[in-house]
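This report concerns only the one structure given below.
The values are calculated or read from the model by the stated rules, or taken from the named source; none is laboratory data. What you are looking at is a predicted structure, and each value in this text was computed from that prediction instead of being measured. Don't worry about glycine lacking a Cβ; one is built from the backbone with ideal geometry, like all the others, and counts go over all protein chains shown.
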Amino acid sequence: METKQIFESYERRKHEAFDTWMHCPKCGASCTALSSGRFNRLRCPQCGFVLYRNPSPGVVALIISDEMILLGKRAQNVFDGEKWSLPGGFVEFEEDFLSAAHREIREETGLSIKIVSILSVVSNFFSPELHTLVVVLLAEKISGTLQPGDDMVELEWFPLSGPFPPMAFEADEHIITKYHRTKLAGAPIDPQFAFL
């Protein structure tokens with residue numbers, strides 16, 4: 001199975017994405033379009049602030065226990081709701097990605113985990129408004145009682161070999177299948193962040 005780290009749900013090169021912001025978040029002046037080669041940005045003519053449009057950073061965990069993986073059914077009101085995914089979420093500005101993984105897993109599953117390694121990093125182009133850059137971690141359950149929370153309404157262990165329920169994200173299914181076939185350990189992490 002080929003490695004894949006870029007997943008597109010729409011033809012991003014055919015869409016000219018531009019921020020919905022029209023005013024500078026620093027001084028409130030009306031922004032103007034600024035083209036710098038391939039990318040369009042907004043620039044404030046008053047204070048010079050340039051509004052960069054970046055993907056949202058996220059983290060997910062492939063939690064393994066006895067050749068089973070943990071998946072969660074997403075709430076109806078979230079992106080790709082009522083489908084299944086690996087547990088995880090967005091990295092907050094104040095936290096590192098490993099601490100974010102521990103927090104998100106606790107919030108969505110009720111479990112404490114040991115992070116074993118970094119399996120991959122993927123870019124997801126979901127829509128012109130939502131691009132993510134996600135760090136995929138391999139983890140093991142340490143303690144806790146399985147309890148769906150936050151964006152998850154149901155949790156279930158599935159065989160690593162599948163079959164899987166309807167998945168929200170192509171990247172998740174690819175990563176699970178790749179790990180099942182290769183058992184690649186991934187890149188080590190800073191040991192002080194394995195447990196939190």
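Do we have any residue at all in segment 142-154 that's crowded, with 17+ Cβ neighbours inside 10 Å, assigned to a loop (DSSP other than H, G, I, E, B), assigned by TED's automatic domain parsing to the domain that holds Glu107 and modelled with pLDDT of 95 or more?
Yes - at least one qualifying residue is present in segment 142-154.
Could you check segment 126-149 and list, in sequence order, the residues that are among the polar types (S, T, N, Q), closer than 19 Å to Glu108 by Cβ and in contact (Cβ under 8 Å) with a residue 40 or more places away in the chain?
Within segment 126-149, just Thr132 meets the criteria.
Take the residues of segment 29-68 that are part of a loop (DSSP other than H, G, I, E, B) and in contact with a Leu (Cβ under 6 Å, 6 or more places away or on another chain): which is farthest from Leu160 (Cα to Cα)?
Out of the qualifying residues, it is Cys31.
Can you tell me which residues in segment 181-196 are surrounded by 14 or more Cβ atoms within 10 Å (Cβ to Cβ) and closer than 15 Å to Lys4 by Cα?
Hit for segment 181-196 is Gly186, nothing else.
State whether the residues of segment 92-107 include one that is surrounded by fewer than 18 Cβ atoms within 10 Å (Cβ to Cβ) and either at positive phi or assigned to a strand (DSSP E or B) (or both).
No, that holds for no residue.
Please state which of the following conditions His180 fails to meet, knowing it meets all the rest: (1) in a helix (DSSP H, G or I); (2) in contact (Cβ under 8 Å) with a residue 40 or more places away in the chain; (3) of a type outside the set (D, E, K, R).
Going through the list (1) in a helix (DSSP H, G or I); (2) in contact (Cβ under 8 Å) with a residue 40 or more places away in the chain; (3) of a type outside the set (D, E, K, R), His180 breaks only (2).
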